[in-house]
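Contents: one structure, followed by commentary.
Values in this text are rule-based calculations from the coordinates and carry no lab data. Every value quoted in this text rests on a predicted model; they were computed, and no experiment measured them. Backbone-built Cβ (ideal geometry, glycine too); neighbour counts: all protein chains shown.
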Amino acid sequence: MAFFDQFNYWIFIILLMIGLYTMMSRGNLVKKMIGLSLFQISVFLFYITVGKITGGTAPIVVETLPGDPAPIYSNPLPHVLILTAIVVGIATTALGLSLVVRIKESFGTINEDEILEMEDEA
Amino acid sequence: METETLALFVDLFLMVLLVAGALTVLTVRNLFVATMLLGIVSFTMALTFVSLDAVDVAFTEAAVGAGISTVLYIGTLALVGAQEKTGVKFSAWPLAICLAVGAVLIYATYEMPPYGSPDNPAQTHVAPRYVQVSPTEIGVPNMVTSVLASYRGFDTFGEVTVIFTAGIGVLLILSQRRRKRDDEAEEEAQKKGTQSKLRVSLTGLGSQHDLVPHIVAKLLIPFIFVFGLYVQFHGDFGPGGGFQAGVIFAAGFILHALIYGLQFTQRVLSPQVALILIVAGVLIYGGVGIVSMLMGGNFLDYNVLLPDSVAGQHIGILIIELGVGITVAAAMLVIYYAFVGRAEPVNKLPD
């Protein structure tokens, strides 16, 4: 299973690259925010992958019958970090989107190139 | 062995779905479609989290990524338009930078410890203490809750403050009075015919004429709130807690607003009350810290709250989770109100 040892990490990297590319190549500011969300999701996947233990279960105490092997729990720490990061992430995304709305109102467009042109003219 | 192969197959399937979804989000030009696909990617990611044993995280991702975030994006698109400009010139630089970053990261994965091994550095530092000692020390079966609310309570307090700050920030940015440029006013008069439909459903009287959503929402909303309460107060024993419950509560209110119209929802929970609630949640959390200091412990040291330290931990976690839930729910709602309030109301409710 040597191939699958690194598999989750590669998926994380591919998602991260797609998110990064969306942010850098697209001029539309909402599309950039969507790219940022993809980027965020990929980092979440990375952290959760690090906390996974093969054969483990969710870190909630389960009662075992006497004689059964002790259950293995996955690492709860990355879960805590990412759980809060998701909610903080949506709050900051909302802040970014509200700035996009304001930019649309003052410039009449949310396209990066057009905004830069207008800035140069002014 | 057979179940392992099956699990691996499910994992692979989800991963392929994730990459395919992300690629479509990148290529599709209609931002509305991109938003919906992002919701699907988030939901697939939540399923992946379940298979990686992170049930609490999956819960949050499903509620936030596939629920609230989609609503916020659509609210934004209603204000800024959903069509991305086509015919953009291709530039090689972003692609080159991305490929370089990816190559470096993939090279780095060969130094990473193998996936899922119990001897990985991440598993041998503080995690054993959380796993072995927390059920007796904190007395809470869900280790994620005990780490979140007790061991790392200070950190979580910071996160709640960030959500509070973001909510206030959105409010400050979007509640300024709107100055209209001349050309925009003209443009708007032309667009009114095409755009008003969307705005009615966002701001006006809701989807007044759709009987099925009305009936279904009427049946669903009470259960959503009951489920929110369950998630809030059962977070010690199963997956759940303040963050998830707050998002579920906000989702219930947002559903109400989408179906019945914003004015009716604001009669149930006015923006002023929501503002007070945002502050109240943070104060409840901080207040527990202050009380524990006054009782002779450290900031957020719940052991001193009651004579029995495990019972003290229990009551401390219960109260701060309540604070988290209130702040998260109110912040999400304030953000939603701010976005929808920005669109000009088409149908004002007669008072």
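Scanning chain B for DSSP H helices at least 24 Å long along the axis (C-alpha atoms) with a Kyte-Doolittle mean no lower than -1.0 picks out B:2-27, B:31-51, B:92-109, B:153-174, B:211-233, B:242-260, B:271-294, B:309-342.
In terms of its C-alpha gyration tensor, the stretch A:5-63 comes out oblate, because a/c is 1.5 or above while a/b does not outweigh b/c.
Farthest toward the positive end of the dipole of the protein assembly as shown, out of B:Ala34, B:Gly261, B:Pro271, is the Cα of B:Gly261, where the dipole comes from beta carbon charges about the Cα centre.
Neighbouring Cβ atoms from other chains, within 10 Å of the Cβ of residues in B:327-336, number 2 on average. Between the residues B:Tyr73, B:Pro141, B:Val340, the greatest Cα displacement towards the positive end of the dipole of chain B, with unit charges on the Cβ of Lys, Arg, Asp and Glu, is found for B:Val340. Charged side chains reduced to their Cβ positions (Lys and Arg at +1, Asp and Glu at -1) give the protein assembly as shown a dipole of some 1340 debye around its Cα centre.
Could you list, in their original order, any pairs among A:Lys32/A:Lys104; A:Lys31/B:Lys218; A:Lys31/A:Lys104 whose Cα atoms are separated by more than 23 Å? Where the Cα-Cα span goes over 23 Å, the pairs concerned are A:Lys31/B:Lys218. Averaged over the residues of B:318-325, the number of partner chain Cβ atoms lying within 10 Å of the residue Cβ comes to 0.
For the peptide B:37-45, the mean number of other protein chain Cβ atoms found within 10 angstrom of a residue's Cβ is 3. Highest mean packing comes first when the peptides B:101-107, A:70-76, A:82-88 are listed by Cβ atoms within 10 Å, giving A:82-88, A:70-76, B:101-107. For a test of the definition: using alpha carbon positions, the gyration tensor, and the 1.5 limit on a/c, classify the stretch B:1-84 as rounded, prolate or oblate. Here the stretch B:1-84 falls in the oblate category. Computed from point charges on the beta carbon alone (+1 for Lys and Arg, -1 for Asp and Glu), the dipole magnitude for chain B about its Cα centre is near 1540 Debye.
Applying the criteria of a DSSP loop state and at most 13 other Cβ atoms within 10 Å to the chymotrypsin sites (Phe, Trp or Tyr not before Pro) of the stretch B:14-96 yields B:Phe90.
For the stretch B:255-303, what's the relative contact order in percent, using C-alpha pairs closer than 8 Å and at least 6 residues apart? Computed value for the stretch B:255-303: 17 percent relative contact order. Ranked for footprinting exposure by Cβ neighbours inside 10 Å, fewest first, B:Trp93, A:Trp10 give B:Trp93, A:Trp10.
Taking other C-beta atoms within 10 angstrom as a stand-in for reagent exposure, B:Ile168, B:Ile276 fall in the order B:Ile276, B:Ile168, fewest first. Here the relative contact order of chain B, from alpha carbon pairs under 8 Å that lie six or more residues apart, stands at 20 percent. The length gained on full extension between B:Leu172 and B:Arg129, counted as 0.36 nm times the residue separation minus their Cα-Cα distance, comes to 11.2 nm.
Taking neighbour counts of Cβ atoms within 10 Å as a proxy for exposure, in what order, fewest first, do B:Glu137, A:Glu121 appear? Let's see the in-between values first.
Values: B:Glu137 17, A:Glu121 6.
Ordered by Cβ neighbours within 10 Å, fewest first: A:Glu121, B:Glu137.
Computed over the stretch B:257-351, the P(r) curve from all C-alpha pair distances, binned at 10 Å from the origin, holds 16, 34, 21, 16, 11, 3 percent per bin. When the helices of chain B are scored as -39500 (n - 2.57) per DSSP H run of n ≥ 4 and the total is divided over every residue, the value at 222 nm lands at -24500 deg cm²/dmol. Overall shape of the protein assembly as shown was characterised from the C-alpha gyration tensor. The equivalent ellipsoid obtained from it has semi-axes of 38, 30, 20 Å, in decreasing order. Taking the Cα centre of chain A as origin, sum charge times position over the Cβ atoms of Lys and Arg (+1) and Asp and Glu (-1), and report the length of that vector in debye to the nearest 20. Taking the Cα centre of chain A as origin, the dipole is about 380 debye.
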